[in-house]
1. Which one is farthest from the chain's Cα centre (by Cα) among residues in segment 14-28 that are part of a loop (DSSP other than H, G, I, E, B), surrounded by fewer than 20 Cβ atoms within 10 Å (Cβ to Cβ) and touching a residue at least 12 places away in the same chain (Cβ under 8 Å)?
2. I need the full set of residues from segment 248-272 which are more than 22 Å from residue 24 (Cβ to Cβ) and at pLDDT 95 or above, in order please.
3. Looking only at segment 327-336, which residues are farther than 13 Å from residue 288 by Cα and touching a helix residue (DSSP H, G or I) at 6+ places or on another chain (Cβ under 9 Å)?
4. For segment 50-67, which residues satisfy the criterion of being surrounded by fewer than 17 Cβ atoms within 10 Å (Cβ to Cβ), at negative phi and out of contact with any strand residue (DSSP E or B) (no Cβ under 7 Å at 6 or more places or on another chain)?
5. Please count how many residues of segment 221-276 are within 22 Å of residue 298 (Cα to Cα), outside any helix (DSSP H, G or I) and within 15 Å of the chain's Cα centre (by Cα).
6. Looking at segment 30-44, can you tell me whether even one residue there is surrounded by 16 or more Cβ atoms within 10 Å (Cβ to Cβ), in contact with a helix residue (DSSP H, G or I) (Cβ under 9 Å, 6 or more places away or on another chain), modelled with pLDDT of 95 or more and under 23 Å from residue 321 (Cβ atoms)?
7. For segment 92-137, which residues satisfy the criterion of being outside any helix (DSSP H, G or I), without any contact (Cβ under 8 Å) to a residue 40 or more places away in the chain and surrounded by 20 or more Cβ atoms within 10 Å (Cβ to Cβ)?
8. Read through the list (1) under 23 Å from residue 252 (Cβ atoms); (2) in contact with a helix residue (DSSP H, G or I) (Cβ under 9 Å, 6 or more places away or on another chain); (3) in a helix (DSSP H, G or I), then give the number of the only condition that residue 194 fails.
């Protein structure tokens, strides 16, 4: 090792970003005591940058139709499953309910529904975003998959503050196996086009899909080059009806360690802990690794789905803000206020 593990942690605490080689070293550590030191350092950095504040994102998965046939996704085109496409009034109603609960952002998510986001139909998406923006006084993230280049300026004008489009991996060969018959560069350029139009971007990777430590390190550094304001890692969970349904899921510790390394590299960025993987019981470990956003908050009894686990903890109310606040109290954390989140957005706009 060119430098000791503890030296890397100490320099990170002082605000220095680890080098690519150091990121590889951090991601490769197996000693449980050193991993614990890594997690402790990630939490300290989060506290230095964000205090004890955690941001909450409401999740509105409004269409489960998709034109793609991704090898990992339950909602892939060829999977014969029940699907829905929510009417506009329902989308607005859920967004208003989420706003009333006290969250910080509305995440409008969909499969790549050809009736909403294709070259000919993306104006339907613009209308949805515009109507939600008119009824809800919160920032909006849009996660629609790929859009034509000319859509991004219009999407920003309609009220979108964030654009999320996950590459899942930045290994081109692996990308071909995950996102069948999709163009790596076209998907990657989505983030560049969104950023050019003044939207903040979120990039994300999947853990346990055949990548190695080098692939993870490459992605963490590419996220920095993109200047993504929110970066995430999520563990792959096998989905019924997909080519990867027989693949064994990795231990969640791989994701948690990756989150911690992301915090050391991307110290002033948002890093999510998703409720979509383990529900409320999985939040603590991710927050203890330096995450500072809880995503996929879904109101019960609205017949909405999740992504990685489409039914987990939704209709029993375990994805509610009240449940999350109780969990945060036990960790000495609190839900960020609206002004806290707007301050973060203002800081991002000044850096653009």
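The values are calculated or read from the model by the stated rules, or taken from the named source; none is laboratory data. Predicted model only: the values in this text are computed from it and were never measured. Neighbour counts run over all protein chains shown; Cβ positions are idealised from the backbone, glycine included.
1. Step by step, filter segment 14-28, then rank; the result is 15.
2. 268, 270, 272 - these are the residues of segment 248-272 that are more than 22 Å from residue 24 (Cβ to Cβ) and at pLDDT 95 or above.
3. Listed by number, the residues that qualify are 334, 335, 336.
4. Residue satisfying the conditions is 67 alone.
5. Number satisfying all stated conditions: 12.
6. There is at least one residue in segment 30-44 that is surrounded by 16 or more Cβ atoms within 10 Å (Cβ to Cβ), in contact with a helix residue (DSSP H, G or I) (Cβ under 9 Å, 6 or more places away or on another chain), modelled with pLDDT of 95 or more and under 23 Å from residue 321 (Cβ atoms).
7. Scanning segment 92-137 gives a single hit, 117.
8. Result: residue 194 passes all but (1).
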